[in-house]
Amino acid sequence: MTLHALILCTHNSARSVLAEGMLGHLAARLGKDVKAHSAGSAPSGRINPFALEALRNAGVDTAAFRSKSWDEFSRDGAPALAIVITVCDSAAAEPCPVFFGAKDGKHGQPVKVHWGYPDPSNAEGGDDGKRRAFDLTRQALGYRMLQLLALPLETMDRAALQSALVEIGRS
């Protein structure tokens, strides 16, 4: 059964897209049955071009990416989410909508965790500074996604998954 993970950020234009791209890319490369999604509470409607560039430079196919609302994941027919990760401080402080968890009986409501990152869009140093910031953020998120994918996801109960994800967030 596919494990669906949703990564949230306010505008769904930078950090959440970087995380979605890296999780999906790494899961495919490692043969893991994990599907990454991203969304925002107030989506901008566009993805930051530096985010797309950082992902493409890492070999990630960005053709299907789009900025979207988290509302898409609380509607009928939305994927059953096992994990919801917020990656920016403003999204962590917002009340999350109700998401319905995996129907395997093990997860119920999805595990929610916050892995905060500064907004690379605010980096100084012009375009070169932004490129560096986006690439460093992509690398940091990629490292955490590798740690997530190394977990025995198929056998973990909700409490163990929550604890492991919080620990990854501390690393």
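Between residue 46 and residue 166, the modelled labels are 4.0 nm apart [label points 7 Å from Cα along Cα→Cβ].
Segment residue 61..residue 128, full-extension length gain: 21.9 nm, with 0.36 nm per residue of separation and the alpha-carbon distance subtracted.
Over the chain, DSSP H runs of length four or greater, each weighted -39,500 (n - 2.57), average out per residue to a 222 nm ellipticity of -12500 deg cm²/dmol.
Just want the answer: with Cβ charges of +1 for Lys and Arg and -1 for Asp and Glu, which residue in 25, 81, 122 is farthest toward the dipole's positive end in the chain? Farthest along the dipole direction, towards plus: 25.
Around the Cα centre of segment 3-166, unit charges on the Cβ atoms of Lys, Arg, Asp and Glu (plus for the first two, minus for the last two) sum to a dipole of about 220 debye.
Among 160, 14, 39, the residue with the largest mean-square fluctuation in a Gaussian network model of the chain, with springs joining Cα atoms closer than 10 Å, is 160. For the chain, treating each Cα as an identical point scatterer without solvent, what Debye log10 I(q)/I(0) comes out at q = 0.09, 0.12, 0.15 1/Å? The calculated log intensity ratios at q = 0.09, 0.12, 0.15 Å⁻¹ are -0.27, -0.49, -0.77. Going 7 Å from the Cα of residue 68 toward and past its Cβ, which residues in segment 131-169 have a backbone nitrogen under 11 Å from where you end up? No residue qualifies, since no backbone N sits under 11 Å from the label point.
Working ranking of peptides 145-151, 50-56 by packing, defined as the average number of other Cβ atoms within 10 Å per residue, highest first, is 50-56, 145-151. Across the chain, C-alpha contacts under 8 Å between residues 6 or more apart give a mean separation that, scaled by the residue count, equals a relative contact order of 25 percent.
Coordinate-derived values only; no laboratory data. Note that this is a predicted model, so its numbers are computed, not measured. Backbone-built Cβ (ideal geometry, glycine too); neighbour counts: all protein chains shown.
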